[in-house]
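Shown next, in structure tokens, is the structure this report addresses.
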Amino acid sequence: MNPQYLQVLKQRFGYDQFRGFQADAIDTAMHGKDALVVMPTGAGKSLCYQLPAVLSEGVTVVVSPLIALMKDQVDALLANGISAAVINSSLNAVEMRRTMECLHDGLYKLIYVAPERLFSGSNPLIDILKNLNVSLFAVDEAHCISHWGHDFRQDYMELGQLKSHFPNTPVIALTASADEVTRQDILEKLNLRQPKIFVSSFNRPNIYYFVERKQKMTDKMMAYLRTKANESGIIYCLSRQSTEDVAEMLVRNGFNALPYHAGLPPETRKRNQELFRRDECKIIVATIAFGMGIDKPNVRYVIHTDLPKNIESYYQETGRAGRDGLRSDAILYYSSGDIIKLRRTTMSEEYRMYANLMRRKLGQMADYCEKPICRRKQLLNYFNEDSPDNCNSCDVCLGNYETYDGTIQAQKVMSAVARLNQRFGVGMVIDFLRGSQAEKITPYMRAMPTYGIGKDTPAEEWRRVIQLLCDNGLLKKSDDVYSVLKLTQRSLAVLKGEERVLLVKPAVEETLHSSNGGSKDKPTKPHDKELFELLRAMRAQLAKRDNVPAYVVLGDNSLMEMATYFPQTLEELEKINGFGVFKINKYGNDFLHVLKRYCDELNIASQAQQITAIKKRKERTIGNSEIETYRMFREGKDVNEIAAARNLQPATVETHLFKFVQEGKIKANELVNEYKIDVISRALKGNPDAWLPELKNALGQDYSFFELRVVKAANDIKRTQAA
């Protein structure tokens with residue numbers, strides 16, 4: 001790695017080391033090559049083009065879809081002493097003229113533009129840029145160019161012209177959520193030339209995922225919000241009217257909330273968003289028009305009151321929580337009625353071309369909510385990424401799931417489906433079971449012996465049971481727009497009493513609230529809470545003085561580190577994440593004033609010397625469970641034997657062993673046979689940064705993801721040692 005990269009990283013951005021493949025992506029841009037970067041929200045995508053911009057001659061042009069996103073990015077760059085500006089409709093004539101003059105004079109390292117600004121108008125920006133030294137084009141939120149993505153924008157289609165206008169200028173496309181189909185579409189539409197593709201893990205370990213039924217949603221939501229009184233959060237609603245209704249309800253109940261949707265006057269939207277950015281409003285209630293790329297790192301929760309249309313959208317929206325790496329929650333209130341409502345939208349003329357794809361993706365979103373499978377595992381598997389069966393940080397894994405005999409319930413449902421000649425969907429079957437008096441229930445139906453046999457069971461419980469029966473192959477749903485329930489071969493065995501049905505009943509209700517402070521919660525840093533609040537007050541003063549959001553001064557994680565290690569000199573402060581040279585000079589003495597006064601009063605000595613050692617250890621902490629797995633492995637037991645002896649999933653054992661591969665304590669040939677190592681190594685030789693699912697597709701089903709990861713990690717260690 002070029003040592004200059006690390007030097008700029010520390011001096012300008014305040015960090016000691018790169019994360020994931022940031023350094024490789026930066027190196028690709030610095031060598032003039034195209035790239036696609038797929039990296040979760042908050043994982044540091046912007047650094048992949050901001051650092052090359054600082055090091056390169058000329059200007060980097062960043063294409064971004066939202067004005068608010070541009071403002072966030074520019075504020076943060078200016079706070080780090082990096083010259084940057086925006087060119088969009090928020091500028092008046094005088095500001096636009098001044099910005100263009102500075103651009104001509106070469107005063108900016110980065111310029112942020114909306115896609116329509118590049119190619120439209122009598123004097124399009126693309127023609128002006130041809131007379132300047134453009135070092136790099138960065139296309140942010142690149143999934144917007146794809147019809148297969150979750151947020152297609154027509155203006156992005158024009159960006160395919162970039163390579164024809166600037167054939168020798170590298171283009172880096174960036175997105176947080178794109179499946180394989182969308183990624184290929186991005187590459188083709190942008191005409192990228194022999195691009196390097198970087199796909200990092202989609203896992204956001206600091207986000208806890210919860211799905212709850214919609215019954216009593218308002219009461220449950222307010223109970224949760226009262227535990228987060230001083231924290232920022234986003235509540236997403238499907239319609240504009242819902243956002244205003246929910247915001248008004250929250251305000252009536254004493255919460256600091258504002259609505260945001262495309263139907264509000266522009267000045268109202270701008271004001272509400274700015275109040276939220278500056279922590280003067282704690283809760284923003286919004287449609288999905290809000291939030292794409294909003295660079296507010298201290299959002300502690302994202303709540304969905306309605307079902308998103310697909311998993312990409314859900315992943316993107318929940319990713320707006322916890323960008324600073326601290327514990328955050330993603331809560332989805334779900335009703336199967338949401339599916340019916342959204343499925344109707346696929347029938348409109350606007351979506352007819354993509355109706356089948358949209359219905360399939362909607363079905364995957366419904367599965368996410370209804371299947372009693374680890375939420376994190378479902379998300380990661382959707383993006384072709386392996387995951388253990390238990391994450392210990394979602395409602396499924398934290399819940400106490402009990403198994404019970406559901407044979408009688410199953411027989412009642414199947415009898416109803418049979419009596420109704422397998423011609424109706426879930427809603428009708430439930431109404432029939434519960435003895436509904438609705439007109440659609442004909443006198444002939446009411447005369448059937450099974451009519452009303454489930455009247456003592458709530459409708460939502462019947463929905464849950466039916467979904468579990470479908471998941472277990474005991475019933476199936478047709479693929480029609482209005483799907484109907486069908487019996488299977490196994491249904492007949494259950495009806496005859498030949499097969500017993502076991503169902504699981506989750507204890508979801510308590511999980512969300514107990515996880516906020518219960519014994520299962522992962523510990524946070526043991527920081528001094530009183531000092532943290534004093535530092536937060538100082539940050540607010542500095543933000544007000546400089547007219548920027550508080551997080552632009554420093555993030556919560558930086559305050560937390562200061563309140564943990566008590567630095568008392570500028571040299572010690574430099575060890576805190578977020579403090580580069582520019583911010584040390586600008587804010588260092590202000591924070592030291594608070595730190596020294598507090599430490600003097602309580603006679604607290606600095607512990608800052610511990611920071612470096614701790615940072616070096618924290619990436620690969622080996623716990624007692626992993627050590628026990630390693631001990632048994634050294635005794636000669638294989639993965640399945642260890643899993644059986646320790647009552648673990650084989651995937652969990654493989655995760656333990658993989659840590660020791662990364663540490664160099666286990667060699668690849670101890671886990672993978674020599675022939676496979678040779679084949680995988682040869683495949684990696686031409687592309688050492690290959691994306692594992694692509695590698696697996698190329699090599700076939702005989703090669704597991706675990707084997708690929710082990711060999712790739714071993715080869716990475718060899719490369720590092722050789723360098």
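Read the figures in this text as sums done on the coordinates, not as results from a lab. This one's a predicted model, so the numbers in the text were calculated from it and none came from an experiment. Note: ideal-geometry Cβ built from the backbone for every residue, glycine included; neighbour counts use all protein chains shown.
The count of lysine pairs in the range 351-490 whose Cα atoms are under 28 Å apart, excluding pairs fewer than 8 places apart on the same chain, comes to 26. In terms of surrounding Cβ atoms within a 10 Å radius of their Cβ, D105, D16, D279 rank from fewest to most as D105, D16, D279. When the GluC sites (Glu not before Pro) in the range 108-208 are filtered for DSSP coil states and for at most 14 other beta-carbon atoms within 10 Å of their beta-carbon, no site remains. In this structure, the amide hydrogen of Y236, modeled 1.01 Å from its nitrogen in the peptide plane, lies closer than 5 angstrom to those of A286, I303, H304, T305, counting only residues at least 5 positions away or on a different chain.
Counting neighbouring Cβ atoms within 10 Å and putting the fewest first, the residues R434, R539 line up as R434, R539.
Listed by chain and number, the aspartates and glutamates whose C-alpha is less than 14 Å from the C-alpha of K676, apart from same-chain residues fewer than 8 away, are D702, E707. Taking a straight Cα-Cα cut-off under 17 Å and skipping sequence neighbours fewer than 8 places away in the same chain, the lysines within cross-link reach of K583 are K10, K544, K575. Among the listed pairs K214/K270; K228/K296; K270/K586; K163/K696, those whose Cα-Cα separation exceeds 25 Å are K214/K270; K270/K586; K163/K696. Here the peptides 411-418, 491-498 are ranked by packing, the mean other Cβ count within 10 Å, and the order with the highest first is 411-418, 491-498. Considering only alpha-carbon pairs that sit under 8 angstrom and 6 or more positions apart, the relative contact order computed for the range 1-72 is 25 percent.
Taking θ as phi - 60° and the Karplus parameters 6.51, -1.76 and 1.60, the scalar couplings of the range 299-316 work out to 6, 8, 7, 10, 10, 10, 8, 9, 6, x, 6, 7, 5, 4, 4, 4, 4, 4 Hz in sequence order, x denoting glycine and proline.
For V134, the amide hydrogen comes within under 5 Å of the amide hydrogens of V59, counting only partners 5 or more places away or on other chains and with H modelled in the peptide plane. Distance between the pseudo-spin-label points of L602 and S478 (7 Å out from Cα toward the beta carbon): 6.8 nm.
Helical runs assigned H by DSSP (4 residues or longer) give the chain a calculated mean residue ellipticity at 222 nm of -14000 deg cm²/dmol, each run adding -39500 (n - 2.57) before division by the residue total.
Counting Lys and Arg as +1 and Asp and Glu as -1 over every other residue whose Cβ lies under 13 Å from the Cβ of E439, the net charge comes to +1. Within a straight-line Cα-Cα reach of under 18 Å, K282 can be paired with the following aspartates and glutamates, leaving aside sequence neighbours fewer than 8 residues apart in one chain: D72, E231, E244, D245, E248, E274, D295, E317, D324, D329, E533, D556. When the Cα atoms of the chain are aligned to their principal axes, the ranges along those axes come out at 84, 68, 63 Å in descending order. Footprinting exposure proxy ranking of I172, I284, fewest other C-beta atoms within 10 angstrom first, gives I284, I172.
For E707, what is the net charge nearby, where nearby means another residue's Cβ is under 11 Å from its Cβ and Lys, Arg count +1, Asp, Glu -1? Result for the local shell: +2.
What FRET efficiency do you get for L699 and Y444 if R0 is 45 Å and r is their Cβ-Cβ distance, rounded to the nearest 0.05? It comes to 0.15. Overall form of the range 624-722: prolate. Here a/c, set by the Cα gyration tensor axes a ≥ b ≥ c, is 1.5 or more, and a/b is the larger of a/b and b/c.
Taking all Cα pairs closer than 8 Å and separated by 6 or more residues, the relative contact order of the range 3-199 comes to 30 percent. Computed over the chain, relative contact order equals 11 percent, with contacts defined as Cα pairs under 8 Å that lie 6+ residues apart. For the range 49-66, 3J(HN,Hα) computed residue by residue from phi via the Karplus equation (6.51, -1.76, 1.60; θ = phi - 60°) reads 10, 6, 5, x, 4, 5, 7, 8, 6, x, 10, 9, 9, 10, 8, 9, x, 10 Hz, glycine and proline entered as x. For the chain, DSSP calls about 10 percent of its internal beta bridges antiparallel.
Sorted on the mean count of surrounding Cβ atoms within 10 Å across their residues, most packed first, peptides 662-671, 38-47 read 38-47, 662-671. Positive end of the charge dipole of the chain (Lys, Arg +1 and Asp, Glu -1 on Cβ, about the Cα centre): tell me which of I373, M157, S90 has its Cα farthest that way. Of the candidates, I373 comes out farthest on the positive side.
Near S46, no amide H atom lies under 5 Å from its own; only residues 5 or more places off or on other chains count, and H is placed 1.01 Å from N.
3J(HN,Hα) along the range 219-225: 5, 5, 5, 5, 4, 5, 4 Hz, from the Karplus curve 6.51 cos²θ - 1.76 cosθ + 1.60 with θ = phi - 60°, whole Hz, x for Gly and Pro.
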